[in-house]
Each structure stands twice: as structure tokens, then as C-alpha cells.
Amino acid sequence: MRFAARVEVRLRPGIADPEGTTIERALPALGFDDVRGVRTGRSFRFQVDATDVETARRRVQALADRLLANPVIEDSELEVSLEPDSGEP
Amino acid sequence: MATRVGVVVFPGTNCEHDALAGLEVAGARGTLVWHTETQLRTMDAIVIPGGFAHGDYLRPGALARFSPVMEAVGRFAAEGGPVVGICNGFQVLTEAGLLPGAFVKNRGLKFVCAPTTVRVEVTHSVITAGLEPGTRLCIPVNHFSGSYVCDERTLAHLRASNQVILRYLDNPNGSIDDIAGIANDAGNVVGLMPHPERAIDELLGSADGLALLRAFVSSSACVRAG
């Protein structure tokens, strides 16, 4: 079975995010003076082949922990779902 | 025989020849080691020089850590071999878990390329051995993700066990506790953001980097002599 995975990686709370801060500082000039707490991150999307959703989730979690995120400074959040056109009934 | 230092080259490394030149002036013989190498037994010491290993994609050092040579560097370090990572090399060592902490983008999102003054804090590391604590050295930095971070516990441990070997006098990047260089517990693995190999002659603005490179070469010779 084929699963669609999305991993979001963000700087952990307490780690300065100069990109987020810079964006937030620019917003009032564009009329968005009601926006607070801007934090940046990255999103990774890929497919993973596995026998079931639990296995797929474990593989994605392992990939996120080992490579996509550096646990010293980053948190990750993941979503795994069956690919609609994976050919399975 | 001159001390033999392996200078690791990843795709995207760009300070390897400066490192070779610096090591030569400091009295060692440098040899380039391609990142697919799995054997470092003929080396007395290892330098991971600066640059953009594997394009710095994902995070600086994140992909370099999986190059075959890093397993060999890990074994070399575990056996007490002297290893120093400069700039991008420091980032690689943290990603590989050979040194604690991590790097984020500089304070103010500015790429910094400038001379900095660092103070030698402790002298039990392979790159500060024999120097006087408090010695000030003028050495350039050249980085975008040079702001060192670690959690409170790690910082407390680094301080308590004298692993902060170099501090900036005028912190150029927002590094926690003005940290410019650290060592592991044993002192044989060192990472520093300033580039000593770019400060080896007054013509380059400073020759202060030689003090560190000479210390590194001497301590490497001592390790070899056992």
C-alpha cells in the first residue's frame, strides 16, 4: 500500500526564529497589524510504501527524527494517510 | 616524520586548500580525504574544513553526517584521535552528534564575514593546548548559520566541565554565552566557527590562527607518540 506523508518541521519554542520575527515586523506596513506570533517552518511531502498505516507512520517518524528535524532545535509533526490512487480497494 | 592530518572534503567543501596551507605552515602534512573514504588509520589527526557540505541542503551538516567518512571520523574520535571542525565542519560535528548543540541562522539574519576577536578560555583541548587562558586572538568568521544554541542543561555541563574553549569578545552572530568554540568531554574533538586557516600571515590581516593550528599539530603529535 502507498501512503502520503507530510512532515512539518519547526523551530522549538524558545529558539529564536529571526525569519518569523522579520516577517512579523514587516506586516503592519502592509496593513496586517492584527497578526501575532509568526513562526516559520518547512513542510516535506512524500510517499511511503508500507503494509499498513501504523508501519508507514513509524517509518515516517523515524525519518523525521533521524534526518528531517534536528531535535536539539526543531520539533516535527506528521500526517500519514492512504494515497487515494494507490491501487488498493 | 611530519604529523599527518586528513582534511575531509565533501561535495561543496571550499576551505580544504586553505586548511592544507595552514597546516603546512604549522608544521604538519595535510592530505585531502574524499567523503566516501571509510579508513582513516594512516592519519594522526582530522580536520573537517569549512564550506557548504552537500550544499548545506536541509540544514548545514545534516546530509554530510551520512557520508561514509563520518562513520570513520566517529571511530577515530572514539579512539581518542584529534578531530577539529572549522565553521561548516563544526556544524557537521554537531549534526553527527560528536559535539553537543546545534546552529541556527545568525541574529538579525545577516551573513557575517569579518575579523573577530576571540578569547582562549581553557587549554585542555587539542586546539588550545599550551596557550595561555585569556589570550586574545584575531581570527575571521564567515557564516550565515553561526549562532550556536543548546539547551540549559547542555550549557551548564559545557561550563562546568570547561568545554567552552573560545568565546567571542564581540559576539557577531548571537551565539549563546558568546560561544565561538567548544570541545567534547575528552578534549580531543573540537569545533570552532572562526577560521584559523585564514589567519596565518600578517598579509591576510592576522597570523593569530597559527597559534591554534600549531597547538593542534603539537597535540596530534603527542597523541601519536602515545
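Some observations on this one:
- Only one entry in B:I127, B:I139 is buried (at least 16 other Cβ atoms within 10 Å of the Cβ), part of a strand (DSSP E or B) and of a type in the set (A, V, I, L, M, F, W, C), namely B:I139.
- Among residues of region B:157-175, those that are among the aliphatic types (A, V, I, L, M) and crowded, with 17+ Cβ neighbours inside 10 Å, counted: 4
- Selection from region B:99-121 of residues that are part of a loop (DSSP other than H, G, I, E, B) and more than 15 Å from the chain's Cα centre (by Cα): B:K105, B:N106, B:K110, B:F111, B:E121
- Across region B:81-98, the qualifying residues are those that are in a loop (DSSP other than H, G, I, E, B) and hydrophobic (A, V, I, L, M, F, W, C), and the one among them that is nearest to the other protein chains (Cβ to nearest Cβ) is B:A96.
- Scanning region A:1-57 for residues that are part of a loop (DSSP other than H, G, I, E, B) and under 21 Å from A:D75 (Cβ atoms) turns up A:R12, A:P13, A:G14, A:I15, A:A16, A:D17, A:R36, A:G37, A:V38, A:R39, A:T40.
- Members of region A:27-51 found to be away from chain B (no Cβ under 12 Å) and within 23 Å of B:F144 (Cα to Cα), listed by number: A:V38, A:R39, A:G41, A:S43
- Condition broken by B:K110, with the remaining ones in (1) buried (at least 17 other Cβ atoms within 10 Å of the Cβ); (2) within 14 Å of another protein chain (Cβ to nearest Cβ); (3) closer than 29 Å to A:R25 by Cβ satisfied: (1)
- Scan region A:64-86 for residues that are in contact with a Pro (Cβ under 9 Å, 6 or more places away or on another chain), outside any helix (DSSP H, G or I) and either away from every other protein chain (no Cβ under 14 Å) or surrounded by fewer than 17 Cβ atoms within 10 Å (Cβ to Cβ) (or both) and the total you get is 1.
- Residue within region A:4-25 that is over 30 Å from B:Q91 (Cα atoms) and either more than 14 Å from every other protein chain (Cβ to nearest Cβ) or not polar (S, T, N, Q) (or both) present: yes
- Within the set B:G85, B:G89, B:G50, the sole residue that is under 17 Å from B:L23 (Cβ atoms), in contact with a Leu (Cβ under 6 Å, 6 or more places away or on another chain) and surrounded by 24 or more Cβ atoms within 10 Å (Cβ to Cβ) turns out to be B:G85.
- Qualifying residue in region B:152-161 (condition: in contact (Cβ under 8 Å) with a residue 12 or more places away in the chain, touching a Phe, Trp or Tyr at 6+ places or on another chain (Cβ under 6 Å) and within 20 Å of A:V72 (Cα to Cα)): no
- Among the residues making up region B:199-226, those that are more than 23 Å from B:G187 (Cα to Cα) and either assigned to a strand (DSSP E or B) or charged (D, E, K, R) (or both) are B:D201, B:E202, B:S206.
- B:G74 more than 14 Å from chain A (Cβ to nearest Cβ), modelled with pLDDT of 95 or more and assigned to a loop (DSSP other than H, G, I, E, B): no
- Scanning region B:155-168 for residues that are within 19 Å of the chain's Cα centre (by Cα) and assigned to a helix (DSSP H, G or I), we see that the one that is nearest to B:P133 (Cα to Cα) is B:R159.
Okay, residues lined up against (1) at pLDDT 95 or above; (2) crowded, with 17+ Cβ neighbours inside 10 Å:
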residue	(1), (2)
B:Y148	yes, yes
B:R153	yes, no
B:N184	yes, yes
B:V190	yes, yes
B:S219	no, yes
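- Selected residue [modelled with pLDDT of 95 or more and of a type outside the set (S, T, N, Q)] from B:V122, B:V223, B:V164: B:V164
- For region A:56-63, the criterion of being within 13 Å of chain B (Cβ to nearest Cβ), touching an Asp or Glu at 6+ places or on another chain (Cβ under 7 Å) and surrounded by 14 or more Cβ atoms within 10 Å (Cβ to Cβ) is met by no residue.
The values are calculated or read from the model by the stated rules, or taken from the named source; none is laboratory data. Here the structure is a predicted model, which is why all the values come from computation and not from measurement. All Cβ positions, even for glycine, are placed from backbone atoms using ideal geometry, and neighbour counts span all protein chains on display.
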